[in-house]
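Below is one structure, written out as structure tokens; comments come after it.
The values are calculated or read from the model by the stated rules, or taken from the named source; none is laboratory data. Fair warning: this is a prediction, and the values are worked out from it, not measured in the lab. A quick note on method: Cβ atoms are made from the backbone with ideal geometry, for glycine too, and the neighbour counts reach across all protein chains shown. Remember, those area values only see protein heavy atoms, side chains included, never the ligands or the DNA or RNA. Shrake-Rupley method; radii C 1.70, N 1.55, O 1.52, S 1.80 Å.
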Amino acid sequence: MSESSDKFRVIIAGAGIAGLATAISLKRISSIPNLDVQIYEQAHQLSEIGASIALSPNGMRTLEKLGVDNALSDEVGFRGPSGIPQIFRHWKTNQVISVDTHTDVPDPRHHTTRFHRGHLHAALQEHVPKETVHLGKKIIHADVSHDGVSLHFEDGTRAFGHILIGADGIRSKVRQSFIPDYRLRFSGKVFMRSTFDASLVEAKIPNLPADSLHWWGPEDNFFASRLGKGQYTIVGAYSDPRSSEELERNVGWDQKGDVKFLRERYKNWNPLIQALTEATPYTNLYPNFAGDALETWIFDSRVTLVGDAAHAHGGAFAAGGSLALDDAFALGLAFKHVVQSCHGKTQISLDNVQKALELYTNTRKPHTDRLLRIVHNQIGTKSSPSGTLEEDAKLVSRMKNRPDTVWLSEHDVEVAMTASIAQSQVHEVKALAREPENQGRLELTVQSERGKL
Ligand SMILES: Cc1cc2nc3c(=O)[nH]c(=O)nc-3n(C[C@H](O)[C@H](O)[C@H](O)COP(=O)(O)OP(=O)(O)OC[C@H]3O[C@@H](n4cnc5c(N)ncnc54)[C@H](O)[C@@H]3O)c2cc1C
């Protein structure tokens, strides 16, 4: 990584939402000179599992800042006509008990939006050159040498780069290569999800509300919503008492479920929910795992993580897609700041890579650590013992006392980055001030900062 006209190669592990968005951000935001981005993905073709994904205002704003305007249309994503992101109803009576509202989201295109994952993924793919995405490349290991990083694949080949971004999801092999003893824990819940043509419910269920529907029940919830492009989704859940190891052996991610079990599970709920489960053609199963916050996101000065690889929060608060987009954007902004301080050099140094990764981590990690603390607290406190019905008053009070997540859903990652930059400048100046021989340099820095004001 010397001062030369050679390309600066970034290799990205995984072409999910985080991997694609990172490629877009590095290309459009970072200003890294002579940048060459290559993505390695285990799947043989790029398609997303048939589930839904919700993006909050932070994710929607970031999509726009990344230039992914094609995902903002009313055709690709669904925004409820009321403009209320979450309407919480009682499982039996269907009565609206509480709502989440947007507090500062003036542009309606940034309101919480619900997509079929495949449609969001396809919208991101349109911005990434096909020839830079290498399919059928299952990573088994990553390592670092004095001049770069390598990804090693199951087929015996390897890829080399100056830096590596691990965007390979909750079971990240990149993370495992640098933190081998990191473990995920089963939250005790398995989600049953389905996406299908909206006509299946719209034709059969009269007076189906147009907004997304979120029912809270004594043990689990039920969610139903229109998605973009005429799709519909439902999400149910059940508790599974098995251990993490047993579950991993028996229930695979995206494994076919039994739709009769879904109907049975919700048979005593409000008739509207029963009608929705009757119309649902199939379910797939998603056992929910989460992991602790990592001590660091920087490995050997050349490797970092984005998305679920960095923060394994298991889909809590439907925040993962938006967080992945914000991670990607923050990484681009961090490089932009550092590259702009390189004064026209044609290549960036390892020292500057380290600075960019620190800025990225300082901006993102405290935010996602806060979420992980909430997630692990919730896993530790069960709503009611399995099989017993929680009293109504308790349920309503639990719903009303749910954590306020506006700090998450309306987070402004650009403001957070500006604060990190300011903080790092304060640290630099303080470090200079401690060295008597730096007094002259310090005076120059202060003068230059004054000049900018
Ligand atoms: C049940 C559930 C519901 C959720 N619902 C929502 C929601 O409504 N809204 C929301 O915002 N988020 C939701 N999430 C979270 C969200 O799905 C993720 O946070 C988001 O997709 C971030 O994705 P990612 O790119 O980091 O990881 P992923 O989407 O997992 O992508 C990782 C990519 O890396 C590839 N990969 C993995 N291992 C390897 C390997 N060894 N070699 C090569 N490639 C590899 C994978 O094939 C994949 O393409 C949910 C999660 C769960 C579990």
Which of the residues that make up the stretch 162-187 are closer than 30 Å to Q347 by Cβ, β-branched (V, I, T) and near the ligand (Cβ under 9 Å from one of its atoms)? V174
Matching residues in the stretch 261-287 (within 15 Å of the ligand (Cβ to nearest atom) and surrounded by 21 or more Cβ atoms within 10 Å (Cβ to Cβ)) number 4
Answer yes if at least one residue in the stretch 205-222 is more than 22 Å from the chain's Cα centre (by Cα) and over 24 Å from F88 (Cα atoms), and no otherwise. no
Looking at D326 and the list (1) of a type in the set (D, E); (2) more than 14 Å from the chain's Cα centre (by Cα); (3) closer than 20 Å to A15 by Cα, which single condition is not satisfied? (2)
Counted residues in the stretch 410-430 being of a type in the set (A, V, I, L, M, F, W, C) and within 24 Å of A324 (Cβ to Cβ) come to 6
Filtering the stretch 88-111 down to residues that are open to solvent by 20 Å² or more (accessible area, probe 1.4 Å) and either in a strand (DSSP E or B) or among the hydroxyl-bearing types (S, T, Y) (or both) yields R89, T93, V96, I97, S98, V99, D100, T101, T103
Tell me which of these D300 doesn't satisfy, since it passes every other one: (1) on the phi < 0 side of the Ramachandran plot; (2) in contact (Cβ under 8 Å) with a residue 60 or more places away in the chain. (1)
State whether one or more residues within the stretch 262-279 are farther than 28 Å from N207 by Cβ and touching a Ser or Thr at 6+ places or on another chain (Cβ under 8 Å). no
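Residues checked against (1) modelled with pLDDT of 75 or more; (2) assigned to a helix (DSSP H, G or I):
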position: V396; (1), (2): yes, yes
position: D404; (1), (2): yes, no
position: W407; (1), (2): yes, yes
position: H411; (1), (2): yes, no
position: Q423; (1), (2): yes, yes
position: V429; (1), (2): yes, yes
position: A433; (1), (2): yes, yes
position: G440; (1), (2): no, yes
position: R450; (1), (2): no, yes
F115: within 12 Å of the ligand (Cβ to nearest atom), out of contact with any Cys (no Cβ under 9 Å at 6 or more places or on another chain) and modelled with pLDDT of 95 or more, yes or no? yes
What do you reckon, is R183 open to solvent by 40 Å² or more (accessible area, probe 1.4 Å) and either within 26 Å of P81 (Cα to Cα) or at pLDDT 95 or above (or both)? no
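One line per residue, one yes/no per condition, for (1) touching a Gly at 6+ places or on another chain (Cβ under 8 Å); (2) open to solvent by 10 Å² or more (accessible area, probe 1.4 Å):
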{"residue": "F299", "(1), (2)": "no, yes"}
{"residue": "D308", "(1), (2)": "yes, yes"}
{"residue": "H311", "(1), (2)": "no, no"}
{"residue": "G315", "(1), (2)": "no, yes"}
{"residue": "V339", "(1), (2)": "no, yes"}
Any pair with Cβ under 8 angstrom, 6 or more apart, that starts in the stretch 320-340 at a residue that is over 13 Å from G16 (Cα atoms) and in the same structural domain as L35 (by TED's automatic domain parsing) and ends at one that is among the basic types (K, R) and open to solvent by 10 Å² or more (accessible area, probe 1.4 Å): F329/K65; G332/R28; V338/K355
Please count how many residues of the stretch 44-75 are within 15 Å of the ligand (Cβ to nearest atom) and either open to solvent by 40 Å² or more (accessible area, probe 1.4 Å) or among the hydrophobic types (A, V, I, L, M, F, W, C) (or both). 16
Name the single residue, out of those in the stretch 118-152 being touching a residue at least 60 places away in the same chain (Cβ under 8 Å), open to solvent by less than 20 Å² (accessible area, probe 1.4 Å) and in a strand (DSSP E or B), that is farthest from the ligand (Cβ to nearest atom). G148
Output the qualifying pairs, or none if there are none: Cβ atoms under 9 angstrom, residues six or more apart or on different chains, first residue in the stretch 6-24 and among the aromatic types (F, W, Y), second residue surrounded by fewer than 24 Cβ atoms within 10 Å (Cβ to Cβ) and in a strand (DSSP E or B). F8/L35; F8/D36; F8/G161
Within the stretch 26-43, how many residues turn out to be among the hydrophobic types (A, V, I, L, M, F, W, C) and within 16 Å of the ligand (Cβ to nearest atom)? 4
Quick one: T103 ticks every box in (1) in contact (Cβ under 8 Å) with a residue 40 or more places away in the chain; (2) in the same structural domain as V338 (by TED's automatic domain parsing); (3) more than 16 Å from the ligand (Cβ to nearest atom); (4) not charged (D, E, K, R) except a single one, so which number is it? (2)
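Here's the yes/no breakdown for (1) more than 16 Å from the ligand (Cβ to nearest atom); (2) in the same structural domain as D351 (by TED's automatic domain parsing); (3) among the hydrophobic types (A, V, I, L, M, F, W, C):
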position	(1), (2), (3)
E154	no, yes, no
K189	no, no, no
A203	yes, no, yes
S212	no, no, no
G228	no, no, no
E248	no, no, no
Report those strands (runs of 3 or more DSSP E) wholly inside the stretch 1-82 carrying at least 2 residues which are assigned by TED's automatic domain parsing to the domain that holds D168 and in contact with a helix residue (DSSP H, G or I) (Cβ under 6 Å, 6 or more places away or on another chain). 8-13, 35-40
